[in-house]
């Protein structure tokens, strides 16, 4: 195998996407439900009411069922960086490995130690020690999210590193820049708060199911009250951080923004597409002059995109075509290069690295190094064959973005409505059904968010630095195909088992009496 | 030693310590492999699973942290071994996936596959997990079939720097007798530790008696396999590297030389072996806490072996097809800055160990009873 088989890249991506999407079915529920049950146990410790202990224990039972699957899929994800993206692991392992190791030391041990106390320690440690274990379990899970999101944010916006031509890799030079980059902070807040929304929707959905059945009504009302307040606060934070995230994308990943907006031709004073249908035959990769609309229809809010992206109503927002053609003004006043120019400079950088490694005298080395440094910002572009590769899947990004935003808005209304109605909600059958049916929508919004984040940044494993084609492991495609289907069958089977167990546990409902309580 | 060399040695020590703790904590796997051997009744099987069920997360986390620490400190190993020995690592991961869900799902209503299926999953993980991990670690001494060429990054058509030289992608390690001996030794050690752990944590005299009987058999087989491996290891050629230019060469009795050159490591190995033997003997005589000398001893032994693999100018991941590509702690580590940053983070480890010890004590203060095993969790 002397050239990379493109199907190997596709199957490697498919396997990673499969694992990540399955993993993300379980993690947000862990993060969201964890906080809800910890709040409930806190109320139990403060009030001493047995009712709150039973309520917390019920949600804890569902938490445990879900937690196991999150752990199972998570381990695959961590090791897939090595098994399927080995070149990536070397090229940026000096930076990327650190958050993963810190995640293990700081977060995983906390989570795994205290979850055992949480489950098996009710009669073995004091009430307060148990409550501390519950909070530490969820703090551990959230810290774990912090570090993995730091790693992910770094891939979207690489900072705090320098390329070392002797070791042929990027090396960390500023840990603070990596661990606390503004992109990482916003990503963490947005992702975790959206997980809290999902957890809250799950709790109100299950509780409304009990109200529909006329069972466990006191439990259901109490759970709705806690989860709706929590969910409303989380949904508002999600909306706010979503806006900040959009601004980061505009600055650092303009192609993702253009794809999410279906913006082919950019310009000043651009409107935000509130909704619309893309033309199925639209060619998003062509750079031939094309003013024809890419929409069958769409509704636009004038100037809003420019305002959101640049904080100016007449700000310039580049479209997909502009990003390929270049020539537009950048925020710092410079003129953007075209994709072809970036690719040429990337090839220069790669050739300079080859010269540097072959050079036998200091003068040649210095000359090669100077060329490499001058063009290194475009290093990753040197592996691309055509500017068309820079365009991600526009329809998938566009529709996913809208699903996420619309559902995010809907959840704010849902939680506010539940809080306004209070106990009167029990009499509104239609609304109760609506809330129950909203549960899968929370997962849809959550998955759509990740589709925007990950599909929207293609073809990059690391933005601008390393495309997928240069990040993979050198394996036979058949090996990856085989493991893809093994994971698909196994995860699906286990997901079905989990759903069935969850269903039975929800049907059984909370216990009203526990021996040795 | 200059700064980076010191930190490379420090991080090899930490990674080795995590590996050693992992082997100790794999008593969970050993216990799973003995579900039906030790558990004659459903009640006994529930007690066995409850005892290991409280600890599986720790084993799992140690494996994940071992991987993360290896990635952060020696990324070239992560890149070369995981991307090359693909099938071995995938199989190990699959075993651990099955374990993670099986504990939680096995007794739940509506679990789709039935209690027995999940327990078979646990048993599979119990046997294959230690066997595969032991076999994979065996390649630290016997070598693997990989090639590394960092200049490949400059190739537009094939920029991947490392590749495996055969299509078995790591499975070939199982055909090397020395690797297999180590794999079987690790499996048997986990079963010995499991018997001792059950004796300590389960308050059922019939089950304790069964565990003691089983301990005698497992200990005998473990000693047979491990001592065979140890003697062959001490007599084996090893891959050494020249500090001056980093070149790799074969050295007779390399690991014996390592032990002699590092008396502290030799002492660690010797004390470890004695402690493991003490644990076995006192466990057979009915001492409930024999898991502790045996557990600490196994940590010492594995730590000493792994230190011998990487310290004293030894290539810890030799390439048998291109020896000059072999990985050493010097040529595969992270940069000085990253190692230093990670070192500050590592100072938190004693605090982590302290709260693990608290939680362990809190949960294991009273032995598991049949009543507790039948409670809903």
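Here is how the numbers come out for the structure above:
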item: Helix-only [θ]222 nm of the protein assembly as shown, DSSP H runs n ≥ 4, -39500 (n - 2.57) each, per residue, nearest 500; result: -23000 deg cm²/dmol
item: Rg/Rg_globular for segment B:147-202, with Rg_globular taken as 2.2 N^0.38 Å and Rg from C-alpha atoms; result: 2.00
item: Selected from B:28, B:345, B:273 as most flexible by GNM, with chain B as the system and alpha-carbon contacts under 10 Å; result: B:345
item: Value of D in µm² per second that Stokes-Einstein yields for segment B:216-278, Kirkwood Rh from Cα pairs, at 10 °C (1.306 mPa s); result: 118
item: With 10 Å bins from 0: P(r) over the protein assembly as shown, alpha-carbon pairs, percent; result: 2, 12, 21, 24, 20, 13, 6, 2, 0
item: Relative contact order %, chain B, counting alpha carbon pairs below 8 Å whose residues are six or more apart; result: 25
item: Most mobile of B:90, B:276, B:302 in a GNM of chain B (Cα contacts under 10 Å); result: B:90
item: Global form of segment A:162-306, assessed from the alpha-carbon gyration tensor, a/c cut-off 1.5; result: oblate
item: Calculated over chain A: convex hull of Cα atoms, volume per residue (Å³); result: 163
item: For segment B:1-130, diffusion coefficient by Stokes-Einstein and Kirkwood Rh (Cα), 37 °C, 0.692 mPa s, µm²/s; result: 204
item: Approximate spin-label separation residue A:365-residue A:304, in nm, with each point projected 7 Å along Cα-to-Cβ; result: 5.8
item: Relative contact order computed over segment A:157-286 (Cα-Cα under 8 Å; 6+ residues apart), in percent; result: 21
item: Extension gain (nm, one decimal) between residue A:421 and residue A:225, 0.36 nm per residue minus Cα-Cα; result: 69.5 nm
item: Segment B:229-258-segment A:137-153 distance, computed between alpha-carbon centres (Å); result: 41
item: GNM flexibility winner over chain B from B:259, B:182, B:94 (Cα, springs under 10 Å); result: B:94
item: Isotropically averaged projected area of segment B:162-316, using the convex hull of Cα atoms (one quarter of hull area), nm²; result: 10.9
item: Overall Cα dimensions of segment A:329-417 - principal axes, largest extent first, Å; result: 74, 27, 25
item: For segment B:304-372, projected area of the alpha-carbon convex hull averaged over all directions, nm²; result: 8.8
item: C-alpha long axis of helix B:3-25 to longest principal axis of chain B, angle in °; result: 30
item: Normalised alpha carbon radius of gyration of segment B:100-182 [divisor 2.2 N^0.38 Å]; result: 1.64
item: Between segment A:202-281 and segment A:372-428, the alpha-carbon center distance in angstrom; result: 9
item: Percent of Cα-Cα distances greater than 17 Å, calculated over segment A:358-502; result: 78
item: Estimated inter-spin distance, residue B:3 and residue B:236, nm [label 7 Å along Cα→Cβ]; result: 3.6
item: For chain B, alpha-carbon Rg and Dmax in angstrom; result: 21.2, 68
item: Helix axis angle, A:93-102 relative to chain A longest principal axis, alpha carbon, degrees; result: 10
item: Contact order relative to length of chain A, as percent, for alpha carbon pairs under 8 angstrom and 6 or more apart; result: 20
item: Quarter of the Cα convex hull surface for segment A:262-411, i.e. its orientation-mean projected area (nm²); result: 11.5
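Each value in this text was obtained by applying a stated rule to the coordinates, not by laboratory testing. Note that the structure is a prediction, hence the values are computed from the model and not measured. Here the Cβ is made from the backbone with ideal geometry for all residues, glycine too, and neighbour counts use every protein chain on show.
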